[in-house]
Amino acid sequence: MEVERYHIEGLISFVPRRFEDERGVFYESFNLQRFEEMIGQSVQFVQDNVSHSKKNVVRGLHFQIPPHAQGKLIRVSQGRVLDVAVDLRTSSPTYGKHVMVELDSETGRIFWIPEGFAHGFIALEDNTIFNYKCTDYYHPECEDALLWNDEVLNINWETQGAILSAKDAEAKSFSDYQSPFK
């Protein structure tokens with residue numbers, strides 16, 4: 001298994017071992033024991049989510065605040081995305097910095113984003129199917145978002161024509177946000 005660790009502590013991506021022959025491809029997309037060994041902690045996933053997006057749809061930058069913060073384990077089962085995690089942990093030396101990872105159905109790369117991060121992605125192809133496991137349930141009273149194209153965050157989404165929800169278009173700027181994550 002190919003594992004990649006990033007300059008922001010806690011973020012990990014990995015490509016499962018794939019077995020391919022004339023019938024097609026098989027790979028194990030999740031194994032709790034191996035995953036916990038890789039991240040060095042126990043996790044309990046309680047909810048799986050799926051979104052289906054057109055090309056240039058941007059979803060994010062979303063997160064839930066404590067006491068219902070979420071870790072997310074992300075993969076793409078069809079299509080391709082640029083996935084972004086922004087560090088919201090105020091005590092972190094990488095506070096306000098981000099990592100961008102390309103995820104696609106061909107490689108099967110999977111991205112782990114622990115609690116304390118804002119998360120978003122842009123679909124790079126039509127009919128992109130995005131899957132993620134969450135460590136806490138959705139709680140609307142704890143939902144929050146940062147502006148996807150915030151100047152301070154300086155994320156290069158590589159698009160000229162982003163398609164957004166009204167909520168995402170009106171999210172908070174990073175400079176106006178007071179993070180509850182330590």
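Restricting to DSSP loop positions (anything but H, G, I, E, B) with no more than 11 other Cβ atoms inside 10 Å of their own Cβ, which chymotrypsin sites (Phe, Trp or Tyr not before Pro) remain in the range 91-182?
Tyr137
Please list the non-local residues whose amide H lies under 5 Å from the amide H of Phe117, H modeled 1.01 Å from N, same-chain partners needing a gap of 5 or more.
Leu88
Over the chain, with the other protein chains present, what is the accessible area per residue in square angstrom, probe 1.4 angstrom?
Counting only protein heavy atoms, the per-residue value for the chain is 53 Å².
For the chain, give the magnitude of the charge dipole about the Cα centre (Cβ charges: +1 Lys/Arg, -1 Asp/Glu; no others), in debye to the nearest 20.
Result for the chain is approximately 100 debye, rounded to the nearest 20.
Given 20 °C and 1.002 mPa s, how large is the Stokes-Einstein diffusion coefficient of the chain in µm²/s, with Rh as the Kirkwood radius over Cα pairs?
Result for D is 128 µm²/s.
Which percent, nearest 5, of DSSP beta bridges in the range 54-176 are antiparallel?
On the way: 30 of 32 bridges.
Among the beta bridges of the range 54-176, antiparallel pairing accounts for roughly 95 percent.
Rounded to the nearest 500 deg cm²/dmol, what is the calculated helix-only ellipticity per residue at 222 nm for the chain, with -39500 (n - 2.57) per DSSP H run of length n ≥ 4?
Calculated from helices alone, the mean residue ellipticity at 222 nm is -1500 deg cm²/dmol.
Using a probe of 1.4 angstrom, how much of the accessible area of the range 84-137 is carbon and sulfur, in percent?
44
The values are calculated or read from the model by the stated rules, or taken from the named source; none is laboratory data. Owing to the predicted nature of the structure, the values given are computational and were not obtained by experimental measurement. So basically every Cβ, Gly included, is an ideal-geometry build from the backbone, and we count neighbours across all protein chains shown. In case anyone asks, the SASA skips ligands and DNA or RNA and just uses the protein heavy atoms, side chains included. Shrake-Rupley method; radii C 1.70, N 1.55, O 1.52, S 1.80 Å.
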